[in-house]
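Visitor: If you scroll down you'll find the structure; I have some questions about it.
The values are calculated or read from the model by the stated rules, or taken from the named source; none is laboratory data. Computed from a predicted model, the values in this text were never measured in an experiment. Methodologically, a virtual Cβ is constructed for each residue, glycine included, from the backbone with ideal geometry; neighbour enumeration extends over all protein chains shown. Heavy atoms of the whole protein, side chains included, go into the accessibility calculation; ligands, DNA and RNA do not. Shrake-Rupley method; radii C 1.70, N 1.55, O 1.52, S 1.80 Å.
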Amino acid sequence: MQINATLINLYHVCHRELWLHANGVRMEHTSEVVAEGKLIGETTYTDRSQKFTEVEIDGVKIDFYDAKNKVVHEVKKSASVEKAHIAQVQYYLYKLKQKGVDGVTGIIEYPKLKQREVVNALTPHDVEAVVRWEQAIEAIITSSICPNVIRAKICKPCSYYDFCYSTEI
Ligand code: SF4
């Protein structure tokens with residue numbers, strides 16, 4: 001399976017969720033959190049599709065790229081898993097860099113919180129980290145063993161909650 005931004009995000013949230021998603025066990029359609037996030041993404045800043053470009057690199061889709069100012073824009077429902085959001089945007093910057101587009105920054109907008117998070121242009125250290133994420137993801141998703149339930153606060157709103165806590169595979 002090709003690494004994409006969703007897998008990068010899930011790697012930073014829960015390795016079990018990453019494995020389940022990558023191995024075709026999908027529960028997102030049952031999640032109100034996912035639905036709400038999608039709605040926010042679709043209804044916030046509706047004029048941005050006219051201002052920004054949609055870019056696809058090796059199957060990785062960047063919805064809103066401001067080519068003039070070299071900024072990737074991303075909208076998120078909340079800041080609760082901010083590290084994963086930053087990693088996702090860093091992955092977009094990495095894919096752009098691979099295509100020779102350097103010095104791109106990111107802005108993650110949280111309409112509900114009325115906040116924005118700036119993602120700096122990648123340093124060589126950041127690039128090394130992204131490469132390590134890709135290798136780790138590959139190892140996790142190709143394993144025949146599903147990682148254990150993490151028993152964390154983030155489990156409750158997770159779309160796999162019922163699945164994880166009624167049966168462990
Ligand atoms: S319920 Fe918890 S352990 Fe299960 S996939 Fe979601 S975050 Fe991971």
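Visitor: If DNA, RNA and ligands are ignored and the probe is 1.4 Å, what is the ranking of Asp58, Asp66, Asp162 by accessible area, most exposed first?
Guide: Correct descending sequence by accessible area is Asp162, Asp58, Asp66.
Visitor: Of Lys76/Lys156; Lys95/Lys153; Lys95/Lys156; Lys68/Lys114; Lys51/Lys112, which sit over 29 Å apart, Cα to Cα?
Guide: Lys95/Lys153; Lys95/Lys156
Visitor: Does the range 81-169 come out rounded, prolate or oblate, given a ≥ b ≥ c as the square roots of the eigenvalues of its C-alpha gyration tensor, rounded meaning a/c under 1.5 and, failing that, prolate meaning a/b above b/c?
Guide: Oblate, since a/c reaches 1.5 and b/c is not below a/b.
Visitor: With a Förster radius of 30 Å, plug the Cβ-Cβ distance of Lys51 and Arg26 into 1/(1 + (r/R0)^6) and report the FRET value to the nearest 0.05.
Guide: Result of the calculation: an efficiency of 0.40.
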